[in-house]
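The values are calculated or read from the model by the stated rules, or taken from the named source; none is laboratory data. The structure presented is a predicted model; accordingly, all values stated were derived computationally and were not measured. We place every Cβ from the backbone using ideal geometry, glycine too, and count neighbours over all the protein chains shown. Surface accessibility is based on the protein's heavy atoms, side chains included, excluding ligands, DNA and RNA. Shrake-Rupley method; radii C 1.70, N 1.55, O 1.52, S 1.80 Å.
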Amino acid sequence: MISFIDTHCHLDGEEFAEDRQQVVERAREAGAEAVFIPAIDLKSCHSVLDTCSQYPSFCYPMLGLHPEEVRSDWPQQLEDIRKLIDDYLLAIGEVGLDFYWSREFEQEQLLAFEEQVRWSIDTRLPLMIHCRKAQNELVNILKRYKDDLPGGVFHCFTGNEIEARELLLFDNFVLGIGGVLTFKKSHLPEVLPSVVPIDRIVLETDAPYMAPVPHRGKRNEPAFVRQVLQKLAEAYNLPEEEVARTTTDTAKRVFFC
């Protein structure tokens with residue numbers, strides 16, 4: 001049976017409150033051997049830890065402050081989150097920069113992200129990075145720490161060839177690919193094989209968001225990684241088994257080694 005890892009799923013969210021157990025069962029039946037769950041703020045840090053405790057050796061926690069959750073109280077949020085971070089965690093995340101909707105807290109985002117990058121270096125935990133309309137600023141921060149970074153994932157990559165090449169200059173970092181790959185107007189099926197080695201990709205859902213075709217518009221869930229896997233195999237002209245094995249090995253290399 002083909003097996004895979006969903007490296008980014010908000011399984012702790014309220015969207016799964018009514019049927020979380022069934023979602024986990026469907027994921028296992030589809031071939032999921034693990035699901036990685038990122039926090040977005042202090043409150044979700046606790047829900048992530050609680051969810052992962054219910055599904056040991058299947059759900060793994062990541063803690064951090066998401067850029068869209070950065071407000072004027074960000075120093076206190078980070079102080080409280082930092083107290084929860086230990087070596088039992090999988091990664092620091094979901095962190096990053098997002099200037100898509102607003103730049104109201106731009107400076108706060110930059111400072112919060114850089115602080116969490118330092119956490120990654122201090123703890124040797126990889127980063128789960130969110131970036132939207134902010135790649136130049138994000139890359140500028142990462143360059144300051146390039147030689148010390150343990151690695152991580154550029155989550156939900158949807159960029160072009162130039163952006164992919166720039167991100168892959170950071171050693172031990174890979175691109176997280178999810179449902180956007182399957183969208184009709186997506187350019188990823190052409191971009192990825194042209195510049196990204198298959199062993200620099202991990203699979204993700206970002207559930208409950210960004211469901212792949214044919215589930216687009218519905219609640220996403222880890223079982224739907226299969227559709228992403230199928231489309232990725234098609235784009236690279238490789239057997240699904242090989243893509244599943246390679247992306248799973250890459251996820252384990254980034255997060256467990």
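Loop-located chymotrypsin sites (Phe, Trp or Tyr not before Pro) across the range 22-114 with a Cβ neighbour count of 10 or fewer within 10 Å are Tyr88, Trp101, with loop assigned by DSSP.
What does the charge add up to near Phe99, with Lys and Arg as +1, Asp and Glu as -1, over the other residues with Cβ less than 9 Å from its Cβ? Could you put the intermediate results ahead of the total?
On the way: positive: Arg103, Arg132, Lys133; negative: Asp98, Glu106, Glu137.
Combined, the nearby Lys, Arg, Asp and Glu give 0.
Between Met1 and Glu137, what FRET efficiency follows from the Cβ-Cβ distance if R0 is 41 Å, with the result rounded to 0.05?
Numbers: r = 43 Å, r/R0 = 1.04.
After rounding, the FRET efficiency stands at 0.45.
At a 1.4 Å probe, what is the % contribution of carbon and sulfur to the accessible area of the chain? Could the numbers behind the result be given before it?
Working: 5390 of 11540 Å².
C and S fraction of accessible area: 47 percent.
Starting from the Cα gyration tensor of the range 214-255, take the square roots of the eigenvalues, sort them a ≥ b ≥ c, and report rounded, prolate or oblate (rounded when a/c is under 1.5, otherwise prolate if a/b is larger than b/c, else oblate). Don't jump to the answer; show the numbers that get you there.
On the way: a/c = 3.09, a/b = 1.36, b/c = 2.26.
Cα axes put the range 214-255 in the oblate bin.
Report the net charge of residues surrounding Val35, where surrounding means a beta-carbon distance below 13 angstrom and charges are Lys +1, Arg +1, Asp -1, Glu -1. Here the count lands on -4. Heavy atoms of the protein chains alone define the surface here; on that basis the chain has 45 Å² accessible area per residue at 1.4 Å probe size. For the pair Leu168 and Leu84, a Förster radius of 45 Å applied to the C-beta separation gives a FRET efficiency near 0.90, rounded to the nearest 0.05. Met210 sits among other residues whose Cβ lies under 10 Å from its own Cβ, and their net charge, with Lys and Arg +1 and Asp and Glu -1, is -1.
Alpha carbon centre of the range 3-27 versus the range 111-175: separation in Å? So the two Cα centres are separated by 26 Å. Listed by chain and number, the lysines whose C-alpha is less than 22 Å from the C-alpha of Lys252, apart from same-chain residues fewer than 8 away, are Lys146, Lys231. Across all C-alpha atoms in the range 146-189, the radius of gyration and Dmax reach 11.7, 39 Å.
Figure the gain on full extension for Glu234 and Glu104 (residue separation times 0.36 nm, minus the Cα-Cα span) and round it to one decimal in nm. Don't jump to the answer; show the numbers that get you there.
Values: separation 130, 0.36 × 130 = 46.80 nm, distance 4.12 nm.
Value of the extension gain: 42.7 nm.
In the chain, Cα pairs under 8 Å separated by at least six residues give a relative contact order of 20 percent. Here is the short version for the chain: Cys9, Cys45, Cys131, Cys156, Cys257 have no other Cys C-beta closer than 4.7 Å. Summarising the label geometry, the points placed 7 Å from Cα in the beta-carbon direction at Arg219 and Asn160 lie 3.8 nm from one another.
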